[in-house]
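Since the structure comes first, as structure tokens, the remarks are kept for the end.
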Amino acid sequence: MKKHFHIGLILILFLSVSCSDNQEPINENYFFEVEVEGNVFRQEFSENLTLNELPLIYERDRSVSIGQINSMIDTNCLSSCISPFYINMVFDGRVGTREVEVLEQLQVPIGSFTTDFWYGSTNVTAEPSKIRVTITEADESKRVITGTFEGETYKNQTLTPVKIPIKGKFKAGYRVL
């Protein structure tokens with residue numbers, strides 16, 4: 001009886017550990033995901049693509065810590081490609097949390113968004129909005145950078161500049177020039 005009890009206990013422990021929701025996937029493809037105006041847009045790319053094939057790359061010059069994701073994401077995606085999908089986001093690539101230098105443009109099917117370069121139907125000059133990025137991994141040797149971002153942005157081509165909440169996450173190739 002004790003033997004069956006111990007086997008049952010071991011089985012329960014094994015199942016509870018193996019079915020945990022906290023486990024991260026062993027292999028996760030490159031992706032860029034953004035939520036803005038209640039819509040979520042995500043492009044995903046195979047981690048087996050070379051940096052020359054991969055349209056989603058964080059690039060920085062060896063002499064500076066600032067780099068950028070600047071990508072037209074409409075090729076090589078794994079699931080249905082979302083078009084238009086364009087990112088030009090400049091930030092410090094070190095692990096930790098800091099303010100994004102600039103989200104020059106994020107273009108998705110519902111519009112174009114920016115932190116600094118709002119343009120619309122009036123001559124109003126918008127005060128720059130803020131986005132904070134948290135880099136969780138920046139590994140030159142693995143050629144990968146992962147992180148999240150959250151803050152406010154402006155939607156271009158509107159009558160007046162109105163700050164709009166934005167958040168997202170990414171895992172991109174990492175190239176040092």
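The values are calculated or read from the model by the stated rules, or taken from the named source; none is laboratory data. On a predicted model such as this, the values are computed, not experimentally measured, just so you know. With ideal geometry, Cβ positions are generated from the backbone for all residues, glycine too; neighbour counts draw on all protein chains shown. Surface areas here come from the heavy atoms of the whole protein model, side chains and all, with no ligands, DNA or RNA. Shrake-Rupley method; radii C 1.70, N 1.55, O 1.52, S 1.80 Å.
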Inset, instruction - Would you check which residues across segment 55-73 are among the β-branched types (V, I, T), surrounded by 14 or more Cβ atoms within 10 Å (Cβ to Cβ) and assigned to a loop (DSSP other than H, G, I, E, B) and list them? - result: I73
Legend entry - Which numbered condition W118 misses (of (1) outside any loop (DSSP other than H, G, I, E, B); (2) surrounded by 13 or more Cβ atoms within 10 Å (Cβ to Cβ)): (1)
Inset, instruction - Considering (1) in a strand (DSSP E or B); (2) surrounded by fewer than 17 Cβ atoms within 10 Å (Cβ to Cβ), say which one I87 fails and leave the rest. - result: (2)
Legend entry - Among residues of segment 133-173, those that are open to solvent by 40 Å² or more (accessible area, probe 1.4 Å), within 23 Å of D61 (Cβ to Cβ) and of a type in the set (K, R), counted: 2
Legend entry - Residues that are of a type in the set (V, I, T) and either surrounded by 16 or more Cβ atoms within 10 Å (Cβ to Cβ) or free of Cβ contacts under 8 Å to residues at least 12 places away in the same chain (or both), drawn from segment 123-132: T125, I131
Inset, instruction - Only residues that are in contact with a Phe, Trp or Tyr (Cβ under 6 Å, 6 or more places away or on another chain) and assigned to a loop (DSSP other than H, G, I, E, B): list them for segment 141-174, please. - result: R143, N156, P161
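For E37, state whether it is modelled with pLDDT of 60 or more, acidic (D, E), loosely packed, with under 14 Cβ neighbours inside 10 Å and touching a strand residue (DSSP E or B) at 6+ places or on another chain (Cβ under 9 Å). Even if it seems obvious, please write down each step before you answer.
Numbers: modelled with pLDDT of 60 or more: yes; acidic (D, E): yes; loosely packed, with under 14 Cβ neighbours inside 10 Å: yes; touching a strand residue (DSSP E or B) at 6+ places or on another chain (Cβ under 9 Å): yes.
Taking the combined requirement at face value, the residue satisfies it.
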Inset, instruction - Taking R94 as meeting all but one of (1) more than 15 Å from T146 (Cα to Cα); (2) of a type outside the set (A, V, I, L, M); (3) part of a loop (DSSP other than H, G, I, E, B); (4) open to solvent by 50 Å² or more (accessible area, probe 1.4 Å), write down the number of the exception. - result: (1)
Legend entry - N52 being open to solvent by less than 70 Å² (accessible area, probe 1.4 Å), under 16 Å from A172 (Cα atoms) and without any contact (Cβ under 8 Å) to a residue 60 or more places away in the chain: no
